[in-house]
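The values are calculated or read from the model by the stated rules, or taken from the named source; none is laboratory data. Only a predicted model underlies this, so the values are computations on that prediction, with no experimental measurement involved. Neighbour counts run over all protein chains shown; Cβ positions are idealised from the backbone, glycine included.
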C-alpha cells in the first residue's frame, strides 16, 4: 500500500503522522511511504532522516494526497486538505466529528473511509489510540492551569503548590479517566490540593488507592460539582464520551460562583468542551477571560510537545496502521472489531452510532458498506 504523510497545518500543530521509525516499519513490510517535505520539522526530523528510513519526499501536500492510498495524519483534515481527498481513499487520524458537522459532511462527500483514532477500542473497553494523547494532555493541563493562575495571565496570582506557610492551590479535576488521572498525578506532584470527581465508584476507589488517600475523591452529583467548582482555584475538565459531544457540566451560573482569577482548562474542547463558556483557542493565543475566570481551551494541547507526543502516538497507532496496510482495509476491519469501531465515515455514510447521534445523521452499519 502507498502511505502518505502530509505536513500538519492546524495552527501551532508540530506533531507528525509518522515518525521516521514508523516509516521504516511500513517500508520493511513492503509498503511505500510518501512524506511532504518538512513534515518532521516539529520533531527535529529533517527530510534526510525520512529518506534514510525509506520514504520518498515530495514538495507539497497535493502530491502526497494524489499519491497515497492511505493518508496518515495527527489532526483532523483542514478544509484545504479535505478538498484533496478522493473517493475510496483511507484517512487514518484524529477526527473528533461530533462537534464538527462541516467536516463530517465533506468527508462523506469525498467518499473516503475515515478511521478516527479516538474511537478505536480495545478488549478492556479502553481507547488505546486516544490514551497516549490523553496522558500528555492531562499532564499539560496542570502546566496550563499553573500558568493561567499567574497574574501575568490575569489569574489569581498564586503558585500551584504554595510554599511553606502558604496554602497550595485547590485543583478540581472533573473526570477520572486517563486525562483526569494524569492531571491529578501531575497536580499532586506539584503540591496542589487535588479533588477528583467521577460517576464511577469503582474508578474513584481505584484512584483513592493509587494515591494512598493523598487526594480527595467525590461522586459527581450536580451539588458536589457546584460546591467543588465554587471553591476551586483551578478546574480541569477531563470528561469524554467516545465519539459524542462532551456534556456541558459547568454552566455559566457555576462560573459566577468561582473566585476572580480562577482558571479552567477544558481538555474536552476537541469534543465541544465541557464548560458552557468554552470555545477553542490556539497555542498562540491560548486563553480568554469570562466573568473574571481565565479559560484555557487549546484544541491541540499535545502539539506543544511534538517530539514526546508524536513518539507516544506512533507507538499506539503503528500496529493498527500496519494491519490496514498489510491486509487491506476491508479484511483488517472484519478481523478486528476494535479497529472497526474506529471507522466513522465510509463511502458517504456515517458508520459510528455515537457520531451519527451527535450529528443528528442517519447511522449506517459499517458492515453494509464493506459488503456492498
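When the stretch 230-243 is limited to residues that are surrounded by fewer than 20 Cβ atoms within 10 Å (Cβ to Cβ) and at pLDDT below 95, the one that is farthest from residue 172 (Cα to Cα) turns out to be 242. Go through the stretch 275-288 and give me each residue that's more than 25 Å from residue 132 (Cβ to Cβ) and surrounded by fewer than 18 Cβ atoms within 10 Å (Cβ to Cβ). Residues satisfying the conditions are 276, 279, 285, 288. Looking only at the stretch 28-55, residues that are surrounded by fewer than 24 Cβ atoms within 10 Å (Cβ to Cβ), within 18 Å of residue 327 (Cα to Cα) and touching a helix residue (DSSP H, G or I) at 6+ places or on another chain (Cβ under 7 Å) come to 2 in all. Selection of strands (runs of 3 or more DSSP E) fully inside the stretch 151-229 by the criterion of at least 2 residues being under 24 Å from the mean Cα position of the chain (by Cα) and buried (at least 16 other Cβ atoms within 10 Å of the Cβ) returns 170-174, 193-198. Residue 102 fulfils the conditions (1) surrounded by fewer than 16 Cβ atoms within 10 Å (Cβ to Cβ); (2) farther than 18 Å from residue 354 by Cα except for a single criterion, (2).
The listed residues are 369, 324, and the only one of them that is in contact with a strand residue (DSSP E or B) (Cβ under 7 Å, 6 or more places away or on another chain), closer than 24 Å to residue 15 by Cα and in a helix (DSSP H, G or I) turns out to be 324.
Table: residues versus (1) farther than 18 Å from residue 134 by Cβ; (2) modelled with pLDDT of 95 or more; (3) surrounded by fewer than 24 Cβ atoms within 10 Å (Cβ to Cβ); (4) not assigned by TED's automatic domain parsing to the domain that holds residue 101.
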residue	(1), (2), (3), (4)
270	no, no, no, yes
290	yes, yes, yes, yes
300	no, no, no, yes
315	no, yes, yes, no
320	no, yes, yes, no
327	yes, yes, yes, no
